[in-house]
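Student: The structure that follows is given in the form of structure tokens.
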Amino acid sequence: MSRELKNGIFFVGALDRERTLFDGLIPLPDGTSYNSYLVRGSEKIALVDTVEPDKTAVLLGNLEELGVDKIDYVISHHAEQDHSGAIPEILARYPQAQVVTNPKCQKLLMSLLEIDEDRIVTVADGDTLSLGDKTFRFFYTPWVHWPETMCSYLEEDKIAFTCDFFGSHLAGDTLFVSNEQQVQNDAKRYFAQIMMPFRMQIRKNLEKIKALEIDLIAPSHGPVYDKPQMIIDAYSDWVSDTVKNQVVVPYVSMHGSTQKLVDYFSQALAQRSVAVQAFNLVEADIGELAIALVDAATVVIGSPTVLTGPHPAAAQAAFLINLLRPKTKFLSIICSYGWAGKTVEQLKEMTARLQVEFLEPVLVLGRPKRQDLQALDRLADAIVQKHQNIGII
Ligand code: FEO
């Protein structure tokens, strides 16, 4: 079903409530949407992005419902298939349509979707495209989250079309944001899993958005922001260097020793007024872990020793944290072992890309004993001291 944002500008995308996983990685507790927008100018008609290929029929149905018999331009902000996947079908249905994108995205579209070069026109950063009484201005926003990503600004209507930037994985009932807290959480999940590694580049791109006078932000996932300041403020916080007085503890336990250590350590932190979020990796939602990493000053990985190294679940978490590169400042490890092993060394190696100070780990032979619990108290004290030093306590 199409829905009108403003005069002559329609949502024509698709909701996907059944999808539970994105990129084979991100759990989607609230589903997602693939937002495509139709913009009718006095002289030309543009389609802004498309949908995931398996939702092409929904997009075509929405265009039919609106009586669209001509499309002049298909604006492609980003080549990933959840937004570009229906372009070949659109080009087949609307033979006069041209894809409008930037040169990097052009190459990707030709490679990923085999779109003919002669169907694509490229725009440079700052270029405009007139539909008659409506004008798009394009601005490049590289690494949100691919190198070719760009946004556009519809000048007369003050709408920023931002594709993944500000997107939320939410298949909601309303066109505009109706539950700010839910949208912000779903947007943070998306930011954490694909954009957090590019925090510094996104910070620059955010300045480009802030320079615009915006009535609506229309992303390509989730509802449209009719009060855009909310998501701009949230992003400003996420991409800043500011961390919070929080410790994230991803852990796994085999015979209960690591569980005992994590329980004691969590209590020790709470007693010292440090917020702690522990994630049992056997059952944790990886998206929730990623969200927690956006703000946390400290990460402490808990793992038993399997054969000679970390438990595979802890290794996977370390790999993911290293990949996501959160702004975390301090890292430590709590490890139990039966006879020997290199769990600490290997987890340290796996998190080598993080710009963190490594705090004294706690290694425990067998069941945790009194001196082990005292070592956890010392680690909790060290974390308090570090958090005080950077002014977050
Ligand atoms: Fe929503 Fe990068 O695709």
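Student: Tell me, which helices (runs of 4 or more DSSP H) wholly within region 73-113 include 2 or more residues that are within 16 Å of the ligand (Cβ to nearest atom)? Please lay out each step first, then the result.
Tutor: Working: elements: 81-84, 87-93, 103-113.
Answer list for region 73-113: 81-84, 103-113.
Student: Next up: Return the residues of region 112-137 that are of a type outside the set (S, T, N, Q), touching a residue at least 60 places away in the same chain (Cβ under 8 Å) and surrounded by fewer than 22 Cβ atoms within 10 Å (Cβ to Cβ); say none if nothing qualifies.
Tutor: Within region 112-137, the first condition is being of a type outside the set (S, T, N, Q), and the residues that meet it are 112-121, 123-127, 129, 131-134, 136-137.
Subset that is touching a residue at least 60 places away in the same chain (Cβ under 8 Å): 129, 131-134, 136.
Answer for region 112-137, where residues must be of a type outside the set (S, T, N, Q), touching a residue at least 60 places away in the same chain (Cβ under 8 Å) and surrounded by fewer than 22 Cβ atoms within 10 Å (Cβ to Cβ): 129, 131, 132, 133.
Student: Condition (residue is touching a residue at least 60 places away in the same chain (Cβ under 8 Å) and touching a strand residue (DSSP E or B) at 6+ places or on another chain (Cβ under 8 Å)) applied to region 176-186: is it met by at least one residue? Write out each step before concluding.
Tutor: Looking only at region 176-186, we keep the residues that are touching a residue at least 60 places away in the same chain (Cβ under 8 Å), and these are 182, 185-186.
Applying the additional criterion that residues be touching a strand residue (DSSP E or B) at 6+ places or on another chain (Cβ under 8 Å) yields none.
No, that holds for no residue.
Student: Does residue 169 satisfy the condition of being touching a Lys or Arg at 6+ places or on another chain (Cβ under 8 Å), within 16 Å of the ligand (Cβ to nearest atom) and in contact (Cβ under 8 Å) with a residue 40 or more places away in the chain?
Tutor: Details: touching a Lys or Arg at 6+ places or on another chain (Cβ under 8 Å): yes; within 16 Å of the ligand (Cβ to nearest atom): yes; in contact (Cβ under 8 Å) with a residue 40 or more places away in the chain: yes.
Yes: the conditions hold for residue 169.
Student: Which residue pairs have Cβ atoms closer than 9 Å, lie 6 or more positions apart in sequence or on different chains, and pair a first residue in region 27-44 that is more than 16 Å from the ligand (Cβ to nearest atom) with a second residue that is among the polar types (S, T, N, Q) and not in a loop (DSSP other than H, G, I, E, B)?
Tutor: Sorted first by the residue in region 27-44, then by its partner, the pairs are 38/62; 41/130; 41/135; 43/130; 44/130.
Student: Would you mind stating whether residue 170 is closer than 22 Å to residue 290 by Cα, modelled with pLDDT of 95 or more and buried (at least 22 other Cβ atoms within 10 Å of the Cβ)? Spell out how you get there, then give the answer.
Tutor: Details: closer than 22 Å to residue 290 by Cα: yes; modelled with pLDDT of 95 or more: yes; buried (at least 22 other Cβ atoms within 10 Å of the Cβ): yes.
For residue 170, the condition - closer than 22 Å to residue 290 by Cα, modelled with pLDDT of 95 or more and buried (at least 22 other Cβ atoms within 10 Å of the Cβ) - is met.
Student: Any residue in region 122-134 that is within 16 Å of the ligand (Cβ to nearest atom), among the polar types (S, T, N, Q), at pLDDT 95 or above and assigned by TED's automatic domain parsing to the domain that holds residue 228?
Tutor: no
Student: Does residue 218 fit the bill of being in the same structural domain as residue 83 (by TED's automatic domain parsing), within 16 Å of the ligand (Cβ to nearest atom) and within 23 Å of residue 289 (Cβ to Cβ)? Can you show your working first?
Tutor: On the way: in the same structural domain as residue 83 (by TED's automatic domain parsing): yes; within 16 Å of the ligand (Cβ to nearest atom): yes; within 23 Å of residue 289 (Cβ to Cβ): no.
So residue 218 does not fit the description; no.
Student: I'd like to verify a number: residues in region 88-102 that are touching a Lys or Arg at 6+ places or on another chain (Cβ under 9 Å), surrounded by 18 or more Cβ atoms within 10 Å (Cβ to Cβ) and not aromatic (Phe, Trp, Tyr), how many? Break it down stepwise before answering.
Tutor: We begin by selecting, within region 88-102, every residue touching a Lys or Arg at 6+ places or on another chain (Cβ under 9 Å); these are 91, 94, 96-99.
Narrowing further to those that are surrounded by 18 or more Cβ atoms within 10 Å (Cβ to Cβ): 91, 94, 97, 99.
Next cut, not aromatic (Phe, Trp, Tyr) only: 91, 97, 99.
Residues meeting the conditions: 3.
Student: Would you check which residues across region 311-326 are touching a Ser or Thr at 6+ places or on another chain (Cβ under 9 Å) and buried (at least 21 other Cβ atoms within 10 Å of the Cβ) and list them?
Tutor: In the first step, residues of region 311-326 are kept if they are touching a Ser or Thr at 6+ places or on another chain (Cβ under 9 Å); the result is 311, 313-315, 317-319, 321-322.
Correct list: 311, 314, 317, 318, 321.
Student: Give region 17-26 a look and list any residue that's more than 19 Å from residue 320 (Cα to Cα) and either within 14 Å of the ligand (Cβ to nearest atom) or out of contact with any strand residue (DSSP E or B) (no Cβ under 8 Å at 6 or more places or on another chain) (or both), or say none.
Tutor: Just the residues of region 17-26 that are more than 19 Å from residue 320 (Cα to Cα), to begin with: 17-20.
Once the filter is applied, which keeps residues that are more than 19 Å from residue 320 (Cα to Cα) and either within 14 Å of the ligand (Cβ to nearest atom) or out of contact with any strand residue (DSSP E or B) (no Cβ under 8 Å at 6 or more places or on another chain) (or both), region 17-26 yields 17, 18, 19.
The values are calculated or read from the model by the stated rules, or taken from the named source; none is laboratory data. All values reported here derive from a predicted model rather than from experimental measurement. Because the Cβ atoms are built from the backbone with ideal geometry, glycine has one as well, and the counts that use them run over all protein chains shown.
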